[in-house]
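Accompanying notes for the structure given below.
The values are calculated or read from the model by the stated rules, or taken from the named source; none is laboratory data. Since we're looking at a predicted model, the values are computed, not measured. Please note: Cβ atoms are built from the backbone with ideal geometry, for glycine as well, and neighbour counts cover all protein chains shown. These accessible areas exclude ligands, DNA and RNA; they are computed on the full protein's heavy atoms, side chains included. Shrake-Rupley method; radii C 1.70, N 1.55, O 1.52, S 1.80 Å.
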Amino acid sequence: MGFNSGSGLLERPEAACGEARFPWRRPVMVSHSDDSAEKVEKVEKLSKHDAFAHHGAAILENEVSHKGNPGVGTAKTPSSFDHIDERKILWKVPSARVRIGPCGNIGNAEVEGLSKTLGLLPDQYNWCLTLFFFTYAAFEVPSNLLLKKLRPSRWLPTIMVAWGLVMTLMGLVRNYHGLLIARIFLGVTEAGLFPGVAYYLTMWYCRHEIQFRQALFFSAASIAGAFSGLLAFAIGKMDGTAGLEGWRWIFILEGIVTVLVALAAFFLIHDFPDTANFLNEEERAFVVHRLKYQGQGTAQVEQAEEFEWRYVWQAFKDWQIWVNIFAYWGIVCPLYGISLFLPTIIRSLNYSKTEAQLMTVPIYITAAILAVVVALCSDKTGKRSPFVIGFMFMMLVGFTICIASNNPKVVYAGVFIAACAIYPAFPGIIAWLSNNLSGSYKRSAGMAIQIGIGNLGGAMASNFYRKKDAPRYLLGHSLELGFITVGIAAALILVLGYKRINGKRARELAEGRESSYTGAELSARGDKAVTFRYMY
């Protein structure tokens, strides 16, 4: 281990957090005052939350000072955490204890006669699907910025309650305009949930652990899709109960369940590591420390945690986010095509309404299992792009099969293959971007931009599968192939860009360029700092 007195950096040979099993034993950023040879780590004060300031006082007492740069404190050395069992703590850390309701249940309702009852024209049904995504996209960035201010344990369940209420009321609409307005408000209420949970998980897990947790959460949506088909089959038998059609009961009952789960979530979700009452003081300090020092190369800089508008603007100006959105479209357009139209596509293959509902179940179950298994492999290897790009090629195979044959069994196999590629790829693309955004609020805004603008792909996909194109839906399958191809190209651009930038930064570190910046400046630069390494 060597000390670079000019830069204030401790250097060690271990890999960065994304590539190491024990991230707290990595090199750390240090500073030293002019009148003392003492070497201390440079980190911001571990918490701005009052609860941690009170309960963590004992563990941090005499360990926070203001030597070196103003506003930068000192904390425990990494060696003081060597006795802590990382695996034991990770088992104690909660995954997101909320669920995504069956987002594609309007597809099940359509099979049960929604358009027929409301007298919808084919284009009107597609408009109801499309407008949802505009309000959904518009409210994602504001919601993610509010998440940390308003506390996840309050904000996320509140979103779910509002969303569940709107879904329930969708079961009472009487005409096209009522359904259209309900879908617009559903977009408003649902907007903050998925990007909020995706960001929330990054506040607890390092980047070499995050895809598995994202996959667990997203697989809940896949399982919900499977149960949505089973529930739709069962609920459809309620046709005529209380004078309501079966498709109305799909919205009403699933909306009520969402509200009940949301009410429980108020008591189940923990806010932040530094306020977690299931961890002791030392464990809280350890979890905060390991999150602050991830993503670096041979020199460590803490991530910026305070809110400043410049971090939000940095996200809007970051090239990687906009390129990633095109890769995201290559996955999310097929995803929404499957989730919104899968029952309709299957029924158009001359299967009965009941068969169409039930045949969606094995697709979703298999896809969910694959998503979790692939995420484990991706986290273990510390690689994202091989899995994301590989599954995008698998999507190409699936949709090509759908176009090449008019045999119902072959088309079903093609859809099965495509879905089993989409669901592992989706948490991968989410984790990939979150891995490469440093700074809490930049990551919050960046992930919301990715998911918000990316989900406009859903607005496009809502119009891919038109009723007049049944049963083969050649236009829809062809458009999916086009977006997947664009997504693959964007993913390759990301890989080449990250590889070039990492190489350039390695050369700059070898030349001692980091000495041109103070620790506070490197922290403020986030993933643009010479010390940060992109993961691909």
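Go through the stretch 204-251 and give me each residue that's among the β-branched types (Val, Ile, Thr) and open to solvent by 20 Å² or more (accessible area, probe 1.4 Å).
Keep residues of the stretch 204-251 that are among the β-branched types (Val, Ile, Thr), which gives 210, 223, 235, 241, 250.
Result: Ile223, Thr241.
Counting only helices (runs of 4 or more DSSP H) that fall entirely inside the stretch 296-403 and contain at least 1 residues that are within 30 Å of Arg513 (Cβ to Cβ) and under 19 Å from the mean Cα position of the chain (by Cα), the qualifying elements are 309-317, 319-347. Within the option set Ser385, Ser348, being among the hydroxyl-bearing types (Ser, Thr, Tyr), modelled with pLDDT of 95 or more and open to solvent by less than 50 Å² (accessible area, probe 1.4 Å) holds for one residue only, Ser385. Within the stretch 322-343, the set of residues being modelled with pLDDT under 80 and hydroxyl-bearing (Ser, Thr, Tyr) comprises just one member, Ser339. Report whether or not Ile365 is of a type in the set (A, V, I, L, M) and without any contact (Cβ under 8 Å) to a residue 60 or more places away in the chain. No: the conditions fail for Ile365.
Only one of the numbered conditions (1) in contact with a helix residue (DSSP H, G or I) (Cβ under 7 Å, 6 or more places away or on another chain); (2) modelled with pLDDT under 90; (3) among the acidic types (Asp, Glu) is not met by Glu355, and that is (1).
Among residues of the stretch 117-145 that are farther than 11 Å from Leu179 by Cβ, those with a Cβ under 8 angstrom from a residue that is surrounded by fewer than 16 Cβ atoms within 10 Å (Cβ to Cβ) and among the charged types (D, E, K, R), sequence gap 6+ or separate chain, pair up as Pro122/Arg466; Pro122/Lys467; Pro122/Lys468; Asn126/Arg466.
Among helices (runs of 4 or more DSSP H) entirely within the stretch 100-197, having at least 3 residues that are among the aliphatic types (A, V, I, L, M), in contact with a helix residue (DSSP H, G or I) (Cβ under 9 Å, 6 or more places away or on another chain) and open to solvent by 10 Å² or more (accessible area, probe 1.4 Å) singles out 122-138, 140-150, 152-170, 176-190.
Could you tell me whether the stretch 511-525 includes any residue that is within 23 Å of Phe416 (Cβ to Cβ), out of contact with any Cys (no Cβ under 6 Å at 6 or more places or on another chain), without any contact (Cβ under 8 Å) to a residue 24 or more places away in the chain and surrounded by fewer than 23 Cβ atoms within 10 Å (Cβ to Cβ)?
no
Of the residues making up the stretch 399-443, those that are within 30 Å of Phe316 (Cα to Cα) and in contact with an Asp or Glu (Cβ under 8 Å, 6 or more places away or on another chain) number 7.
Taking the conditions exactly as written (touching a residue at least 24 places away in the same chain (Cβ under 8 Å) and open to solvent by less than 50 Å² (accessible area, probe 1.4 Å)), does Gly482 satisfy them or not?
Numbers: touching a residue at least 24 places away in the same chain (Cβ under 8 Å): no; open to solvent by less than 50 Å² (accessible area, probe 1.4 Å): yes.
When the stated conditions are applied, Gly482 does not pass them.
Kindly evaluate Gly337 against the criterion of being of a type outside the set (A, V, I, L, M), without any contact (Cβ under 8 Å) to a residue 40 or more places away in the chain and under 26 Å from Gly482 (Cβ atoms). In short, no. The condition of being under 21 Å from Met394 (Cβ atoms) and modelled with pLDDT under 95 holds for only one of Gly519, Gly487, Gly526, Gly476, that being Gly476. Among residues of the stretch 197-214 that are charged (D, E, K, R), those with a Cβ under 6 angstrom from a residue that is in a loop (DSSP other than H, G, I, E, B) and at pLDDT 85 or above, sequence gap 6+ or separate chain, pair up as Arg213/Tyr205.
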